[in-house]
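Q: Can you keep this structure in mind? I'll have questions shortly.
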Amino acid sequence: MMTETEKHEHFKIGQDLLLDKPTTWTSFDVVNYIRHIVSPKGFKTKVGHAGTLDPLASGLLIVCTGKNTKTIDGFAAQEKTYTGIILLGQSTPSFDLETDVDQTFETAHINDADIRTTALQFMGTTLQQAPIFSARRQEGERLYHKARRGEEVEIKSSEINITQFDIPTITRADNLIQVAFEITCSKGTYIRSIANDFGKKLNSGSYLHELRRTKIGNYNVNDALTLSHFKAEYSTKPSVSKNI
């Protein structure tokens, strides 16, 4: 195991860490957790992440330390691949499970062919609105702050590009349809917005039930460390701020 001095120099020089973010953690929770581990007593090592993952999502998060924080924008600009489940037949204000179901919809008119055809409609370059429950800034404030105050906000659309939208399985239970997907998309794409728009295109409603980021460019979550493994490898401290 490294000494505190060796560890400080190792992470100050700069490292790119592939980490598997657990659900319920924010991306900044992970950054703070890593900073606590890699910073010797009396020092604060520079740490940042290369692309936010929603709290309820899991998967690949690239965290850079020291001088390598200058390369964050390069990682963030790369294509990203996600797997997950869109649930047809219900909707939520946040487009995921962070808020409660607020509406139910009919799905009896939707067949499997309709679902696969709808996925194809998202392919290529399109305009997308961010969810109001998002970290995007407007007038200097995060949108989710406005959403929690119940404010109505006009959100400008942004250009995104989707190069893959596969539907491996479709599962039905009562009036609900679980649509498993794999999506590869450009920087700035909100999978929650895709999930919400998916139901609208089928004259129904939907939300993102599950999400996992599996790739950023050529980097794969299969090569990532869990936070517990990272802690076991590098921590010389008796406690860290958040349990795994």
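Q: Looking at the chain, send over the antiparallel percent of its DSSP beta bridges, to the nearest 5.
A: The antiparallel fraction comes to roughly 90 percent.
Q: Taking semi-axes √(5λ) of the Cα gyration tensor in Å straight from the coordinates, which label in (1) 30, 20, 16; (2) 36, 18, 17; (3) 29, 27, 18 is the correct one?
A: (2)
Q: Sum -39500 (n - 2.57) across every DSSP H segment of at least 4 residues in the chain, then divide by the residue count to get the 222 nm mean residue ellipticity, nearest 500.
A: -7000 deg cm²/dmol
Q: A further question on this structure: Please list, ordered by chain and number, the residues whose modelled amide H lies under 5 Å from the amide H of S94; skip anything fewer than 5 residues away on the same chain.
A: Under 5 Å from the amide H of S94 lie the amide H atoms of T99, each far enough along the sequence or on another chain.
Q: Can you list the residues, at least 5 places off or on another chain, whose amide H is less than 5 Å from the amide H of T214, using H built in the peptide plane?
A: Close amide H contacts, sequence-distant or interchain: L60, T81, Y82, T83.
Q: Still on this structure: Specify the residue with the greatest mean-square fluctuation among I170, I155, I86, computed from a Gaussian network of the chain linking alpha-carbon atoms under 10 Å apart.
A: Result: I155 has the largest fluctuation of those listed.
Q: Name the trypsin sites (Lys or Arg not before Pro) in the range 4-62 that are in a loop by DSSP and that have at most 15 other C-beta atoms within 10 Å, would you? Let's see the in-between values first.
A: Numbers: sites: K7, K12, R35, K41, K44, K46; in loops: K41, K44, K46.
When the trypsin sites (Lys or Arg not before Pro) of the range 4-62 are filtered for loop state and at most 15 Cβ neighbours within 10 Å, K41, K44 remain.
Q: Further question on the same structure: For each pair in K41/K80; K44/K156; K70/K187; K67/K156; K21/K46, compute the distance between the two Cα atoms and list the pairs where it is over 28 Å.
A: Pairs exceeding the cut-off: K41/K80; K44/K156; K67/K156.
Q: Under 12 Å from the Cβ of I62, count the other residues' Cβ atoms, weight Lys and Arg +1, Asp and Glu -1, and hand me the total.
A: On the way: positive: K21, K80, R213, K215; negative: D16, D20, D73, D223.
Combined, the nearby Lys, Arg, Asp and Glu give 0.
No value in this document is a laboratory result; all are computed from the given coordinates. Bear in mind the structure is a predicted one, so any value in this text is a computation, not a measurement. Every residue, glycine as well, gets a Cβ built from its backbone with ideal geometry; the counts of neighbours run over all protein chains shown.
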